[in-house]
Structures are given as C-alpha cells and as structure tokens.
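The block underneath contains the structure these notes are about, expressed in structure tokens.
The values are calculated or read from the model by the stated rules, or taken from the named source; none is laboratory data. Note that the structure is predicted; figures quoted are calculated from it, not measured. We place every Cβ from the backbone using ideal geometry, glycine too, and count neighbours over all the protein chains shown.
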Amino acid sequence: MLMSSNLEFTIKKVANLLAAVSIYAESPTFLDRISNALSKEAVVKVIGESERILNVGLNNKEINKLPGEKPQISIKVSKDGEKTVIIYGDLPTPYDVEQFIHDVENNIYLARKAGALAMATVNNALVRVGQ
C-alpha cells in the first residue's frame, strides 16, 4: 500500500504528539493503547486524552514547541533532578489531527503505525539524554 507523503507527514506529527505525552507523563500507556487499538473510537479517545495532557504541559511551560527550519519539542521531566528531553519534529495542527482521525476511520493500521513510530521516537529521545 503506497501512502502519500502528506499522510506520512501527518502520521509522524501525530506520533510526535504521542511521544511527547508519553515522555511528559512518564508512561507508555498511550502508546500501548493506540498501538493495540481495534476501533476508531479507541483511537479518538487516546488522541483526545493526549491532546488534553499536551495542553497541560504547554500551559505549565513544561512542554515547549521550538519552531524553525528544524522544529523541536522540548519536554521537561523531573525524575532524579530536572532533565529536558528533545523530540525532533513538529506537533500536529488541529487539521492534522482531524485528517488523521478521518484516515483511521478507513484504515486502523495507521493508528498502529503512529504508535510504533511514537515508541521509536521516545526511545531515541531518551537514549540521547542518557535515561
């Protein structure tokens, strides 16, 4: 199955959302739930909860979007002292989330793919900070 580059880019941004929330919450629960989702309703619930947690992190200045030619997401975690974890890439726009949910209605595999990419993103980010 060949996917458009726009869809791939949207999946990656959704994966960044999931990865950021997983790191911020210090829990892989969201990744597990989306990777094992059997229905679009389960995916919508995970995305909604993730957006809510992201909003808390943004409001508390513990998650920051660093725009630019190579955007980054900075996440402050406090376990054994404060560390900052960086994810390379951007967060999804509301349109990206809407499009992702629409696409998942037709193909649940896309949610599982986003979950797998998010887990790889988390692992890569944590290795860089030595956790």
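Of S27, S35, all but one fail to be within 23 Å of V127 (Cα to Cα) and buried (at least 16 other Cβ atoms within 10 Å of the Cβ); the exception is S35. Looking only at the range 41-70, residues that are over 15 Å from the mean Cα position of the chain (by Cα) and either closer than 18 Å to A118 by Cβ or among the aliphatic types (A, V, I, L, M) (or both) come to 2 in all.
Close Cβ contacts (under 6 Å, 6 or more residues apart or on different chains) running from residues in the range 33-59 that are on the phi < 0 side of the Ramachandran plot and touching a residue at least 12 places away in the same chain (Cβ under 8 Å) to residues that are in a helix (DSSP H, G or I) and exposed (fewer than 15 other Cβ atoms within 10 Å of the Cβ) comprise K40/E105. Here K45 meets the list (1) buried (at least 19 other Cβ atoms within 10 Å of the Cβ); (2) within 19 Å of H102 (Cβ to Cβ) almost entirely, failing just condition (1). Close contacts from the range 118-129, counting a first residue that is free of Cβ contacts under 8 Å to residues at least 60 places away in the same chain and over 10 Å from A15 (Cα atoms) and a second that is of a type in the set (S, T, Y) and assigned to a helix (DSSP H, G or I), with Cβ to Cβ under 7 Å and a gap of 6+ residues or different chains, come to none at all.
Return a yes/no flag: does the range 50-64 have any residue that is under 18 Å from R128 (Cβ atoms), at pLDDT below 95 and surrounded by 11 or more Cβ atoms within 10 Å (Cβ to Cβ). Spell out the reasoning first.
Quick first cut of the range 50-64, residues under 18 Å from R128 (Cβ atoms) only: 63-64.
Of the ones still in play, those that are also at pLDDT below 95 are none.
Checking the range 50-64: not a single residue is under 18 Å from R128 (Cβ atoms), at pLDDT below 95 and surrounded by 11 or more Cβ atoms within 10 Å (Cβ to Cβ).
The number of residues in the range 1-23 being modelled with pLDDT under 95 and within 14 Å of I53 (Cβ to Cβ) comes to 0.
For the range 1-24: of the residues being of a type in the set (S, T, Y) and either in a helix (DSSP H, G or I) or touching a Phe, Trp or Tyr at 6+ places or on another chain (Cβ under 8 Å) (or both), which is surrounded by the most Cβ atoms within 10 Å (Cβ to Cβ)?
Per the criteria, the residue is S22.
Go through the range 8-32 and give me each residue that's out of contact with any Ser or Thr (no Cβ under 7 Å at 6 or more places or on another chain), more than 20 Å from V104 (Cα to Cα) and in contact (Cβ under 8 Å) with a residue 40 or more places away in the chain. Listed by number, the residues that qualify are A20, S22, I23, Y24, E26.
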